Amino acid sequence: SVLVDGIAVRSCGLSAGDVAGEVTTIEGIGSSQELHPVQQAWVEHQVVQCGYCQSGQILTAVALLNENGSPSEAEIGEAFAENLCRCSTYVRIKKAVRAAARKVSS
Ligand code: FES
């Protein structure tokens, strides 16, 4: 996934020529010196397994929290409904999203 104007979209199904808005990739949301709150939460909750899906998961979390700083469990589930993780990190993803929500709302 990437963010286009802050909205998470699947980069695998998107032609760069069709994008009119501002594109943000995983590299654009934080740095090794200053992680984004979502990245901090991912580290603290040891979300990553193989890592294959994680840039999309993190960008989905960023997009969700940009729209809703205090999402309900149902809203988190809905936001991630189409983000598959073969390593089944779903429980830790939800914990990290809740932790990141607390960070961004405080
Ligand atoms: Fe391996 Fe999600 S961490 S596919």
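Side notes on the structure shown:
- Complete set of residues in region 61-106 that are more than 16 Å from the ligand (Cβ to nearest atom) and part of a loop (DSSP other than H, G, I, E, B): Asn68, Gly69, Ser70, Pro71, Ser72, Ser106
- Every pair of residues 6+ apart whose Cβ atoms lie under 6 Å, when the first sits in region 83-94 and is more than 11 Å from Gln49 (Cα to Cα) and without any contact (Cβ under 8 Å) to a residue 40 or more places away in the chain while the second is among the acidic types (Asp, Glu) and near the ligand (Cβ under 7 Å from one of its atoms): none
- Taking region 1-50 as the range and being among the aliphatic types (A, V, I, L, M), touching a residue at least 12 places away in the same chain (Cβ under 8 Å) and closer than 15 Å to Val104 by Cβ as the test, the residues that pass are Ile29, Val38, Ala41.
- Test: residue in region 15-34 that is at pLDDT below 90 and in a helix (DSSP H, G or I): yes
- Residue count for region 61-91 satisfying the condition of being of a type outside the set (S, T, N, Q) and surrounded by fewer than 18 Cβ atoms within 10 Å (Cβ to Cβ): 14.
The values are calculated or read from the model by the stated rules, or taken from the named source; none is laboratory data. Treat the numbers as computed from the prediction; the structure is a model and nothing was measured. Using ideal geometry, Cβ is built from the backbone for each residue, glycine included, and neighbour counts are taken over all protein chains shown.
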